[in-house]
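Input: a single structure, listed below in structure tokens.
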Amino acid sequence: MEVKEKYGLGDEVLIKESTISGREHRKRLIVKSMGPVSPMADFEPVLVDLILKMSTIRRCLNPSQCLHLANDLVSGTDTEQIVIKFKEKIKKKYEKAELGSNYWNGFRKDGKLYSPANMVKFCIG
């Protein structure tokens, strides 16, 4: 709590104990960057909205259906090329912007589907 007060962080900021101990263990207490911004950041609010709307009409989506929906949203847009360039920086050459399980796991970990504003029960794994 002292750190949150010192730096003016609100209660919505979650600092896990494991994060602090991990940084102490690695002797890297200063955060230099928050990592790359997802090229899907513009589409994610739309994706969340569609998943939540599907759940309200009792049409629950499993993870592969959510990924298929996300891939359909990106297909044929400027974001598709941005995703391809982003993936090429990380790995090898890609011809299409196919989002996979790594994207889905990161998307879920961000907590966008489970935020207090979206506390609706739906069936995704």
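The values are calculated or read from the model by the stated rules, or taken from the named source; none is laboratory data. Predicted model only: the values in this text are computed from it and were never measured. Methodologically, a virtual Cβ is constructed for each residue, glycine included, from the backbone with ideal geometry; neighbour enumeration extends over all protein chains shown.
This table checks each residue for (1) at pLDDT 85 or above; (2) not in a helix (DSSP H, G or I).
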position: ASP11; (1), (2): no, yes
position: THR19; (1), (2): no, no
position: ARG23; (1), (2): no, no
position: ARG28; (1), (2): no, yes
position: GLY35; (1), (2): no, yes
position: ASP49; (1), (2): yes, no
position: LEU52; (1), (2): no, no
position: LEU61; (1), (2): no, yes
position: CYS66; (1), (2): yes, no
- Residue check for ASP42: closer than 20 Å to TRP104 by Cβ, assigned to a loop (DSSP other than H, G, I, E, B), among the acidic types (Asp, Glu) and modelled with pLDDT of 75 or more: yes
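Results for (1) touching a residue at least 40 places away in the same chain (Cβ under 8 Å); (2) surrounded by 10 or more Cβ atoms within 10 Å (Cβ to Cβ); (3) of a type in the set (Ser, Thr, Tyr), shown as yes or no for each residue.
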site: CYS66; (1), (2), (3): yes, yes, no
site: SER75; (1), (2), (3): no, yes, yes
site: ILE84; (1), (2), (3): no, yes, no
site: GLY100; (1), (2), (3): no, yes, no
site: TRP104; (1), (2), (3): yes, yes, no
- Taking the residues in region 88-109 that are over 17 Å from LEU73 (Cβ atoms) and assigned to a loop (DSSP other than H, G, I, E, B) as candidates, determine which candidate is modelled with the highest pLDDT. LYS91
- Message: Can you pull out every residue in region 68-87 that is among the β-branched types (Val, Ile, Thr) and part of a helix (DSSP H, G or I)?
- Response: VAL74, THR79, ILE82, VAL83, ILE84
